[in-house]
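Quick notes on the structure that follows.
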Amino acid sequence: MTIHAASKHIFKILIAISFVSFLAGCGGGSSGPKKDSTPDAFTLTPVTNAAVATEVTSAPVTLSGFNQTVSISISGGTYSIGGSTYTSTAATITSGQTVTVKVTASAQTNTAVSATLTVGGVSGVFTVTTAPDTTPDSFSFTDSPNVGASSVNTSNEYTVSGIDVAVPISITNGEYSINGGTYTNAAGTVSKNQKVTVRVTASAQPSADVIAVLTIGGGNANYKVTTYADDVAPTAQILFPPPVSMTEGNTILVRGSASDEFSAIAGVKVNGVAATTTDGFKNWQVTVPLTDTTKFVTSTTENTLKVTTEDAVGNKSTDAAHVAIRQAPLTSPFPDADGYIYPAGMEFDKLDGRNRLLVTGGGREIYSVDLGTGKRSLFVRLSDCSPSSIVINPINKHAYAPCNAGKEGTVVNIDLTNPSEYQIHTIPNFNPNYEVVDSYSSLLYVKDNVAKYIISYVKYAPYRAELFAADSALTQFNIFSSAEKSIPDAINPIQDLVGMALDKAADRFLVTDDFQQTIFSVDVSTGVRSIFSSNAKGTGEAFAEPYNGYLTGIAVDEVNNRALAVEHYYSAKIFSIDLASGNRSLLTSTSESNPFNSMYSSSDIKIASPNGYAFVATWGDNAVFAVDLVTGHRVVFSKYTSEVH
């Protein structure tokens, strides 16, 4: 070794000795790490929805972050180290050991209990919360028995109890309301102390249950609604004949309807004779023998027709409906001889509770016929006017009647409540300029609450008809339709206009011309005339040839989509005419199958009820007849005495 190398070696030794001496002076050179007795923070995961009064164990926790043995203790529970026996006694624990905690859950629902575990001064809390109570205390609703069919029924009120939190609420077969709110069948939630009611619509059938089930949380209750038993007999209505009438026959056709809210109808009888039906007695008819068995009676006999009904469960009515009918020769007055009539025109007056038929004809009188009794009384006697038709304005409650007999071009305006104070209105600039003028028909057309009065005048030599339109005050008159004046044109001239009716659905007037034996259509807006039905237009039953018969009155049967037109000569006929095609069929005439109460010289027809009967004015009989709208059978409704025609 060289001197330089030896010197370098000695220098290294001296440096090493010095460094060791420095470390020794600084206290270095210990045999272990620094002591640590504070664990890292730890978490005991809480438990929810625990069963009440049960022991619940936490998830295990491995302790760390310290290197000394430290104390472990607990309050409110017990602990276990590494799976050892659970204890609440304080002990010691070392790092890396695993601990679990056990607590007993509360005996109350939705309640928390906690245990605090302390390790080396660091604490963790284990909380156990019991599950909330979602099942309400037992509840019920009082049933509703013997309720009406289809009635709406509400249960008694229930105050929700026994739950801790809001819970679902739902219903089947009904609706519920919370705290008086809107009824609903949609699912929702409800809370403790809220008030609930249930609503149920009853069955439409008798003795039937509807059960609503209300579910709140884990509980439910029924609300049962029961309709009353069927103990009511079927009801019935006589559609023909009217409440009172007269016949010369020994039998009478009775037609009617029956209904039962709950049960099927087992049978309908009239004076013990079973009725026939094709629709379960919704409609029925029967021919009933009368007291006097003579085919054409010669004396007077009073009859009462009573309807008996029975349903499938045995409910029976022995007088479900009744009418009175008198058997008497056709020359007899009915119901008495008071009040002369020679009827030409008719109009119903059912305003302000009245129930009468106003009848013109036979002079200057207008008579009132009571629709319940057929009795006649004088309505008004006009001083200088003989009206042949009459209409009523429902807006101002006045009747209008065009004048004949020397007062051509005038209209009488009659207050229905004070008829003696009538007024006569003259048509301005009315200059017939011909030998004679008559007015047979008029009508009132109401649209959009505005009334228009339509009146016809017929000029003689030659015959030609004109229609005038007037306002409801009868101050403005205008020619509405006239072939003679080409208003609106000269096509399809009307000669002798006798009857007139409004077809609302088609916005047209239907008018009869007895000289041409034709029914014309007149457009309500333009006055344009066209042929609705004649022997050259439409098929079916033919009208009589001109002068062998006379078309007079006409009415529109809106329910059955037809017009009814009267044709008279020695024996009157009524035609049923399809409104769409003008095709004709015969509703009534004197025949072998319908021989009684033939009508003579008929002038007007008015429909009393769409499925019942029409009234026909017959000046040849001094009578008003009722004609069944289905079978065409006839009876006398009101009649002044007359000779046999």
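Every number here is computed from the coordinates shown, using simple stated rules; none is lab data. Predicted, not measured: the structure shown is a model, and the values here were computed from it. Cβ placement follows ideal geometry from the backbone for every residue including glycine, while neighbour counts extend to all protein chains displayed.
Tabulated results
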read-out: Among beta bridges that DSSP assigns inside the chain, antiparallel share in %, nearest 5; value: 95
read-out: Estimated vicinal HN-Hα couplings, Hz - the stretch 518-526 in sequence order (Karplus 6.51, -1.76, 1.60; Gly, Pro = x); value: 9, 10, 9, 10, 10, 5, 5, 8, 10
read-out: Cα-centred dipole magnitude for the stretch 473-539, charges only on beta-carbon of K, R (+1) and D, E (-1), debye, nearest 20; value: 120
read-out: Directionally averaged projected area (convex hull, Cα atoms, the stretch 493-645), nm²; value: 8.7
read-out: Footprinting exposure proxy for ARG381, ARG464, ARG255, ARG376 (fewest neighbouring C-beta atoms within 10 Å first); value: ARG381, ARG464, ARG255, ARG376
read-out: Segment LEU586-ALA131, length gained on full extension (0.36 nm per residue, minus Cα span); value: 155.3 nm
read-out: Computed magnitude of the charge dipole of the stretch 346-639 (debye, nearest 20; Cβ of K, R +1, Cβ of D, E -1); value: 400
read-out: Reachable aspartates and glutamates from LYS295, criterion Cα separation under 16 angstrom, eight or more residues apart if same chain; value: GLU248, GLU592
read-out: Alpha-carbon spread of the stretch 519-605, three principal axes, descending order, Å; value: 43, 30, 23
read-out: For the stretch 47-130, the fraction of alpha-carbon pairs in successive 10 Å shells from zero, as %; value: 19, 50, 24, 7, 0
read-out: For the stretch 346-639, the Rg and Dmax computed from alpha carbons only, in angstrom; value: 17.9, 53
read-out: Fewest-first sequence of LYS485, LYS34, LYS375 by Cβ atoms within 10 Å of each Cβ; value: LYS34, LYS485, LYS375
read-out: The stretch 203-243: C-alpha gyration tensor shape, a/c 1.5 cut-off, then a/b vs b/c; value: prolate
read-out: Volume of the Cα convex hull of the stretch 219-323, divided per residue and given in Å³; value: 105
read-out: Proxy reagent accessibility, fewest Cβ within 10 Å first, across ARG508, ARG199; value: ARG199, ARG508
read-out: Tilt relative to the chain, helix 3-25 - C-alpha long axis, 0 to 90 degrees, to 10; value: 70
read-out: Unit charges on C-beta of K, R, D, E only; dipole of the chain, Debye; value: 2900
read-out: Signed unit charges on C-beta, dipole axis of the chain, positive-most listed residue VAL635, ALA563, LEU253; value: ALA563
read-out: Inverse of mean 1/r across different Cα pairs in the stretch 266-363, Kirkwood, Å; value: 16.9
read-out: Ellipticity estimate at 222 nm from DSSP helix runs (n ≥ 4, -39,500 (n - 2.57)) divided over the chain, nearest 500; value: -1500 deg cm²/dmol
read-out: Amide H contacts of ASP604 (H built 1.01 Å from N, under 5 Å, at least 5 apart or other chain); value: GLY553, ALA617
read-out: Over 35 Å [Cα-Cα, the chain], rounded percent; value: 64
read-out: Placed amide H near GLU365: partners under 5 Å, 5+ positions off or other chain; value: LEU382
read-out: Which of THR293, GLN194, LEU378, positive extreme of dipole for the chain (C-beta unit charges); value: GLN194
read-out: Diffusion constant of the stretch 144-227 at 4 °C, which comes from Stokes-Einstein with the Kirkwood Cα-pair radius and 1.567 mPa s, µm²/s; value: 99
read-out: Shape category assigned to the stretch 342-427 from the gyration tensor of Cα positions, a/c cut at 1.5; value: oblate
read-out: Centroid-to-centroid separation of the stretch 544-574 and the stretch 151-202 [C-alpha atoms, Å]; value: 65
read-out: Distant-in-sequence amide H partners of ASN67 (H built 1.01 Å from N, under 5 Å); value: ASP36, SER37, THR38
